[in-house]
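Down below is the structure, laid out as C-alpha cells.
The values are calculated or read from the model by the stated rules, or taken from the named source; none is laboratory data. Bear in mind that the values here come from a model prediction, so they are computed numbers and not experimental data. Virtual Cβ from ideal backbone geometry, glycine too; neighbours counted across all protein chains shown. When the accessible area is computed, the model is the full protein with side chains, heavy atoms only, and any ligands, DNA or RNA have been set aside. Shrake-Rupley method; radii C 1.70, N 1.55, O 1.52, S 1.80 Å.
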Amino acid sequence: RSLTAVDRSDVVILVIDAVEGISEQDSKIAGYAHNQGKAFIIAVNKWDLIEKDTGTMQKFKNSVYEELPFMMYAPVLFISALTGQRVHKVFEMTDYVANRAAFRVPTGMLNDVLAEAVAVAQPPSDKGKRLKIFYMTQIKVKPPTFAIFCNSTKLFHFSYERYLVNQLRKEFGLVGTPIRMIAREKIEKNEKS
C-alpha cells in the first residue's frame with residue numbers, strides 16, 4: 001500500500017519515529033520514492049520524547065542522512081503529533097518542495113549557471129581528451145530533469161554530474177526534490193567534416 005501511495009503522490013512525507021529511528025521499511029520507501037522522482041520530506045515524529053542537549057537536532061539529522069545518503073536533498077523536520085509541535089511546518093514545507101519539483105528554469109539562466117560551474121571546476125579528461133559541455137536545457141519537471149549536451153557521454157563522469165546537480169540545487173533552491181541529468185552527445189560543427 002505504501003508503494004501505491006508513493007506512486008499517486010506529488011510529495012512524499014516519510015514519518016520516522018524519533019525513539020525507534022529509521023526502519024528497514026522506511027529505507028525501502030525512501031529508496032522507492034527517490035527512484036520514482038518524488039519530492040520528499042522527512043518528518044521525525046515524537047521529538048518531544050527525546051532528551052535534548054546542544055546539537056541534538058543536528059546529530060539526529062546527520063544520522064538520518066547517513067542511513068539514507070541518497071536523500072541528502074530532503075529536508076528533515078522535527079515534530080510531535082501529540083503536542084502539535086512544529087506540525088504546521090510540514091504543511092509549509094510540503095508546498096515549498098512541491099513548487100521546487102515543478103520549477104522550470106529558463107534556458108538562459110541555466111546556461112549562465114553552467115558556464116560559471118565549468119569555470120570554477122574544469123570538466124574531467126581521460127587519455128588527453130577533455131569533456132566539453134556545450135549547453136544544458138530543462139526537459140521535464142517533477143522531478144526537474146536536465147539534458148546536458150557534450151562531446152562525449154563516456155567522459156561525463158558521475159562525480160562531475162553530482163557537482164553540477166549540487167550547483168543547480170544551490171542556485172535555484174531545489175530543496176526536497178531529486179534532480180535528474182541526462183548526458184547527450186553533440187558533434188561539434190568542425191568535427192563533422
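What's the total number of residues in the stretch 1-19 that are loosely packed, with under 15 Cβ neighbours inside 10 Å, in contact (Cβ under 8 Å) with a residue 24 or more places away in the chain, in a helix (DSSP H, G or I) and not charged (D, E, K, R)? Matching residues across the stretch 1-19 total 2. Restricting the first member to the stretch 30-50 and to residues that are touching a residue at least 40 places away in the same chain (Cβ under 8 Å), and the second to residues that are open to solvent by 10 Å² or more (accessible area, probe 1.4 Å) and part of a loop (DSSP other than H, G, I, E, B), the beta-carbon pairs closer than 6 Å and six or more apart or on different chains are Ile41/Pro75; Ala43/Ile79.
Among the helices (runs of 4 or more DSSP H) confined wholly to the stretch 88-193, which include 1 or more residues that are touching a Pro at 6+ places or on another chain (Cβ under 6 Å)? Write out each step before concluding.
Numbers: elements: 107-120, 158-172, 189-192.
By residue number, 158-172.
Restricting Glu171, Glu185 to residues that are on the phi < 0 side of the Ramachandran plot, open to solvent by 70 Å² or more (accessible area, probe 1.4 Å) and under 15 Å from the mean Cα position of the chain (by Cα) narrows the list to Glu171. Of all residues being aliphatic (A, V, I, L, M), under 27 Å from Thr137 (Cβ atoms) and assigned to a loop (DSSP other than H, G, I, E, B) in the stretch 57-87, which is least open to solvent (accessible area, probe 1.4 Å)? Just the residue, please. Looking at residues that are aliphatic (A, V, I, L, M), under 27 Å from Thr137 (Cβ atoms) and assigned to a loop (DSSP other than H, G, I, E, B), I get Ala74. What residue, among those in the stretch 26-55 that are at pLDDT 95 or above and either polar (S, T, N, Q) or part of a loop (DSSP other than H, G, I, E, B) (or both), is least open to solvent (accessible area, probe 1.4 Å)? That would be Gly37.
In this structure, Ala98 does satisfy being within 21 Å of the chain's Cα centre (by Cα), touching a residue at least 24 places away in the same chain (Cβ under 8 Å) and open to solvent by less than 90 Å² (accessible area, probe 1.4 Å).
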